[in-house]
Amino acid sequence: MSEEPVIDSPRDWVAEHIQRYVQTDGADGHLWRGVPTLLLTTRGRRSGMLRRTALIYGRDGDRYLVVASRGGAPAHPHWYRNLVAEPNVRVQVAAETFLARARTATPEEKQDLWAIMVAIWPAYDEYQTRTQREIPVVILERN
């Protein structure tokens, strides 16, 4: 992932959050509603363009965790489908940017990782009740 143009989330409030985050190296935006957020850049599975979104994250040792909840919508978020197709991603946490490899937690891993994420954002449990799909936990490991 070079210096190609990056397309931010089409949701205005998320795009504004991303721009504040980038412009201030996370000083404005790393914490959102009292929880930590990171910026995840994936490659569009159809367009090939770089796409960036802001997500709540947790930690499991050196690994970063994000949840593909989409608020409990019936389909996975686009960013998740993109990283399934191309797991090499770019991550920004506050002022630090790094390359990582993304993967979906296995069912065995998910139980403990889900508990970490629900402790940060309790609404994830509610989101799971809104959908038939199993909401994935994604593990981001530095390259």
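Quick notes on this structure:
- Residue identified as among the small types (G, A, S) and surrounded by fewer than 20 Cβ atoms within 10 Å (Cβ to Cβ) among G58, G34: G34
Yes/no matrix, rows are residues, columns are (1) touching a Gly at 6+ places or on another chain (Cβ under 9 Å); (2) assigned to a loop (DSSP other than H, G, I, E, B); (3) of a type in the set (S, T, N, Q):
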{"residue": "L99", "(1), (2), (3)": "no, no, no"}
{"residue": "E108", "(1), (2), (3)": "no, no, no"}
{"residue": "L113", "(1), (2), (3)": "yes, no, no"}
{"residue": "E126", "(1), (2), (3)": "yes, no, no"}
{"residue": "I135", "(1), (2), (3)": "yes, yes, no"}
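- Qualifying positions in the stretch 27-40 - under 22 Å from A119 (Cβ atoms), out of contact with any strand residue (DSSP E or B) (no Cβ under 7 Å at 6 or more places or on another chain) and in a loop (DSSP other than H, G, I, E, B): R33, G34
- Pairs with Cβ under 7 Å, 6+ apart, first in the stretch 60-75 and of a type in the set (G, A, S), second in a loop (DSSP other than H, G, I, E, B): A68/H76; A68/P77; A68/I135; A68/P136; S69/I135; G72/R130; G72/T131; A73/T131
- Annotation for the stretch 1-13: no member residue is crowded, with 16+ Cβ neighbours inside 10 Å, modelled with pLDDT of 95 or more and hydroxyl-bearing (S, T, Y).
- Taking first residues from the stretch 117-143 that are closer than 17 Å to N82 by Cα and partners that are part of a strand (DSSP E or B) and of a type in the set (S, T, Y), the Cβ contacts under 9 Å between residues at least 6 apart in sequence or on separate chains come to P136/T104; V137/T104; V138/Y64; V138/T104; I139/Y64; I139/T104; L140/Y64; E141/Y64.
- Test: E141 is among the acidic types (D, E), loosely packed, with under 13 Cβ neighbours inside 10 Å and more than 19 Å from V14 (Cβ to Cβ): no
- Residue under evaluation R70, criteria (1) out of contact with any strand residue (DSSP E or B) (no Cβ under 9 Å at 6 or more places or on another chain); (2) surrounded by fewer than 17 Cβ atoms within 10 Å (Cβ to Cβ); (3) under 22 Å from D12 (Cα atoms), criterion not met: (2)
- In the stretch 37-55, residue surrounded by the most Cβ atoms within 10 Å (Cβ to Cβ) [restricted to those that are touching a helix residue (DSSP H, G or I) at 6+ places or on another chain (Cβ under 8 Å) and of a type in the set (K, R)]: R52
- Count of the stretch 62-86 residues which are among the acidic types (D, E) and either in contact with a Pro (Cβ under 8 Å, 6 or more places away or on another chain) or on the phi > 0 side of the Ramachandran plot (or both): 0
The values are calculated or read from the model by the stated rules, or taken from the named source; none is laboratory data. For clarity, every value in this text was computed on a predicted model and none was experimentally measured. Cβ: placed from backbone, ideal geometry, glycine included. Neighbour counts: every protein chain shown.
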